[in-house]
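Visitor: Structure provided below as structure tokens; questions to follow.
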Amino acid sequence: MNDRRPGFYGYRRPDGRVGTRNHVLVVPTVICSSLVAERVAAAAAPYGAALPHLAGCGQLGPDMHLTHETLAAYCGHPNVGAVVVLALGCEQVVAQTLADAARREGKPVEVIAIQSEGGTVRTTAKGTAVAQAFGHALAAQAREWCDVSELVLSLKCGGSDYTSGLASNPALGRVTDRLVDLGGSAVLGEIAEIMGAEHLLAARATRPDTATQLIRIITRVEAEARALGLDIRGTQPSPGNIRGGLTTIEEKSLGATHKGGERAGLEDVVAYAAPIRRKGLTVMDTPGLDVESVTGMVGGGAQVVVFTTGLGTPTGNPIAPVIKITGNARTGRQMADNLDMDVSGVMSESETLDSAAQRLFDEVLAVASGKETAAERLGHREFAIHRRNPTI
Amino acid sequence: MKAVLIISERDNVATALERLDPGRRIEVETMTLIAIEPIAAGHKIALRPIAAGDAVFKYGSPIGLAIIDIPAGAHVHTHNVASSRGRGDLKVAAPHSGPHPRPAEPPDTLQTSRPE
């Protein structure tokens, strides 16, 4: 251990990755087992974390694949110490595949199915017993010192206003640049919100292929939006963004892309919830909807999320801490419950961007070491798997 | 605190950091700007006249095209600026306001499977 390098206290996993939390994940294979999964997770507090979702059946091809891959990614995630797979019995998502994803990473796992267990009451009782036993085992695990380069930071903004592009996003961008300088990783999603700023990111690609992939997915998302035959301004920028002074998607994107820093090289472009494979900056193909986007980036392996907001939003995640930061002084007062950090001093010139970035960097490491975020305190654990096609 | 903020020297708009009332004189860099209409905090003010069809620049990059002539000191927002990006409601795609050519690439084929 080098005392001069920043780091945090995390949970080292058998696969070498590091967790910032130690959850017993209770994962329903299908919407039908979601309620039981939520009850089991609640009964295994404070370790239990459920992933209630609306999918798992009635899906074909790419959507089924995406549901499977996303749930499997959470089962293997370093913030998860043990897994209970809660199946129904007749659904498409294969419980054993999810269990295997956890086993591959050396996590204890058990599969319980409502149809074979004999109904809600018996399944809830058995699931609770298993999840509580897993929780007791996790309680004995200790955090250990981990270098900052082990961190994969998810970069997110939502409820943006004019302060996002001037204060909170540039502060986060400085954290990204510093983290990447130190050998860490960061992931940027929300392809629609790179539209208009892609030339800046593409210019930072470390390989020509990566720039081409970035432009390809932006072209695809733009073509998808066009194919709807509708005015994208119904959602991008959102009505709240427009009230906040943002005029076009380009303006929103240019502000949003500041989260990715100014010099960190763009190393990779990956699919939704797919593993973040490289150190440095990665772009993930996620939609702009906050919860779907955070769900995907955490699925990719991010252990901490920094979420900048102008207007204030409550979004959390079941397994990863979400740090909320605003540059809007009014939001800082109005939504204090939901916020972890106020950098509005950057707007009023009472704080420099460098100072705000230093405070945020320290907060990221404190949260990585276990400090509770506002979203965790309030029980915000939103989870939504991206879907492309209709339910069949 | 400054009344308005210019982010890049290429920009032809500035961001109001406080509400600007009509007739408000603002010294910005080497010029004097006069707000000709109310502009809310966080909204944009034209630094110089922008002709219909010209690009509006903020952060040093184009954020859309002026759809009518915009005089200096005017409020710059959705009523006088529009983007053509992702617009399915436009029959023919309007000229791209970005500084880079629109790429003619096939749809993406990102690998979605996790490695074994």
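Visitor: Just to be sure before I move on: is A:Gly261 at pLDDT 95 or above, surrounded by fewer than 24 Cβ atoms within 10 Å (Cβ to Cβ) and assigned by TED's automatic domain parsing to the domain that holds A:Ala167 in the structure I sent?
Guide: no
Visitor: For the range A:37-51, give me each residue that is buried (at least 24 other Cβ atoms within 10 Å of the Cβ) and either assigned to a helix (DSSP H, G or I) or within 14 Å of another protein chain (Cβ to nearest Cβ) (or both).
Guide: A:Ala37, A:Val40, A:Ala41
Visitor: Residue by residue through the range A:160-209, note down the ones that are crowded, with 22+ Cβ neighbours inside 10 Å, farther than 27 Å from A:Ala368 by Cα and out of contact with any Ser or Thr (no Cβ under 7 Å at 6 or more places or on another chain).
Guide: Residues satisfying the conditions are A:Asp161, A:Ala192, A:Glu198.
Visitor: Can you list the helices (runs of 4 or more DSSP H) lying wholly within the range A:203-270 that have 3 or more residues being more than 7 Å from every other protein chain (Cβ to nearest Cβ), free of Cβ contacts under 8 Å to residues at least 60 places away in the same chain and not charged (D, E, K, R)?
Guide: A:208-227
Visitor: Could you list, ordered by first residue, the pairs with Cβ atoms under 7 Å in which the first is in the range A:50-67 and closer than 15 Å to A:Ala271 by Cβ and touching a residue at least 12 places away in the same chain (Cβ under 8 Å) and the second is crowded, with 20+ Cβ neighbours inside 10 Å and among the β-branched types (Val, Ile, Thr), at least 6 apart or interchain?
Guide: Note: pairs meeting the criteria are A:Leu66/A:Ile385; A:Thr67/A:Val93; A:Thr67/A:Ile385.
Visitor: Any residue in the range A:7-33 that is surrounded by 19 or more Cβ atoms within 10 Å (Cβ to Cβ) sitting within a Cβ distance under 9 Å of a residue that is assigned to a strand (DSSP E or B) and among the basic types (Lys, Arg)? List the pairs, counting only those 6 or more apart or interchain.
Guide: A:Val18/A:Arg12; A:Gly19/A:Arg12
Quick grid of which residues meet (1) touching a residue at least 40 places away in the same chain (Cβ under 8 Å); (2) over 30 Å from A:Gly229 (Cα atoms); (3) facing chain A (nearest Cβ under 10 Å):
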site: B:Ile34; (1), (2), (3): no, yes, no
site: B:Ala46; (1), (2), (3): no, yes, no
site: B:Ala52; (1), (2), (3): no, no, no
site: B:Gly60; (1), (2), (3): yes, yes, yes
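Visitor: Continuing with the same structure: Quick check on this structure: which one of A:Ala55, A:Ala102 is at pLDDT 95 or above and outside the structural domain of A:Val367 (by TED's automatic domain parsing)?
Guide: A:Ala102
Visitor: Take the residues of the range A:138-159 that are surrounded by fewer than 14 Cβ atoms within 10 Å (Cβ to Cβ) and among the aliphatic types (A, V, I, L, M): which is farthest from the chain's Cα centre (by Cα)?
Guide: A:Ala140
Visitor: Here are some residues: A:Leu98, A:Leu54. Which one is among the aliphatic types (A, V, I, L, M) and assigned to a helix (DSSP H, G or I)?
Guide: A:Leu98
Visitor: Which condition number in (1) over 20 Å from the mean Cα position of the chain (by Cα); (2) crowded, with 24+ Cβ neighbours inside 10 Å is the one that A:Pro108 fails?
Guide: (2)
Visitor: Could you check the range A:312-392 for helices (runs of 4 or more DSSP H) lying wholly inside it with 2 or more residues that are aliphatic (A, V, I, L, M) and either without any contact (Cβ under 8 Å) to a residue 40 or more places away in the chain or under 24 Å from A:Phe8 (Cα atoms) (or both)?
Guide: The helices (runs of 4 or more DSSP H) meeting that bar are A:353-368, A:374-377.
Visitor: Specify which of the listed residues (A:Ser185, A:Ser168) is more than 14 Å from chain B (Cβ to nearest Cβ), polar (S, T, N, Q) and within 21 Å of the chain's Cα centre (by Cα).
Guide: Among A:Ser185, A:Ser168, only A:Ser185 is more than 14 Å from chain B (Cβ to nearest Cβ), polar (S, T, N, Q) and within 21 Å of the chain's Cα centre (by Cα).
The values are calculated or read from the model by the stated rules, or taken from the named source; none is laboratory data. This structure is a prediction, so every number in the text was calculated from the model and none was measured. Cβ sites come from the backbone with ideal geometry, for glycine too, and all protein chains shown count toward neighbours.
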